Structures are given as structure tokens and as C-alpha cells.
Amino acid sequence: MKKSGAAWRLKANDRLPLGLAHKVKLLKSVAEGEMVKRSDVECNESDTTVQFRREMEKTFAADLAAPVASSF
């Protein structure tokens, strides 16, 4: 199975995936131009998008555990 470089970078750097950035509570200030991290927000765990993301991360945990070559 091909590993997703973008997903690994998001997970490794605690970045908030764009799909989870809707209707979250910001827990601290984030400077303009800075990436929003998962630890900067509180997600609604009952939201189906959040639940799906958590399940996806469990399913593909092995793929997200190791870095891949980046094209960036």
C-alpha cells in the first residue's frame, strides 16, 4: 500500500487536517500565517467527520508511523 506523504506530515507535525477545521473551538491564539495544530483546537468527538478521521487513522496507523520521501 502506498503511504501518503501529506497525511504523515500532518500527523507528525500535529497539524489540523483541513477536513476537521470546521466548527472547532480554538483553545489558544494562532499567529497569522502559522499552521493550526490539533492541540490548538477542541474537536467535537461526536461529529461524524471527526469519528471517521479517528477510525481512518487507526486503520492506517502503520502507514502513518514512518516518514515517506517528500516531493516538497
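What follows draws every value from the coordinates through simple rules; no lab data is involved. Keep in mind it's a predicted model, so treat the numbers as computed, not measured. Every residue, glycine as well, gets a Cβ built from its backbone with ideal geometry; the counts of neighbours run over all protein chains shown.
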Which residues qualify? For LEU16, with a placed amide H closer than 5 Å and at least 5 residues away or on another chain, they are VAL36, LYS37, ARG38
May I ask you to evaluate 6.51 cos²θ - 1.76 cosθ + 1.60, the Karplus curve with θ = phi - 60°, for each residue of the stretch 19-24 and list the ³J(HN,Hα) values in order in whole Hz, giving x for glycine and proline? x, 9, 7, 9, 6, 9
Starting from the Cα-Cα distance between LYS58 and HIS22, subtract it from 0.36 nm times their residue separation and give me the gain in nm to one decimal. 10.8 nm
With a ≥ b ≥ c the root eigenvalues of the C-alpha gyration tensor of the stretch 5-64, is it rounded (a/c under 1.5), prolate (a/b larger than b/c) or oblate? oblate
Which residues qualify? For VAL41, with a placed amide H closer than 5 Å and at least 5 residues away or on another chain, they are LEU27
Local electrostatic count at LEU27 - Lys and Arg +1, Asp and Glu -1, tallied over other residues with Cβ under 12 Å: +2
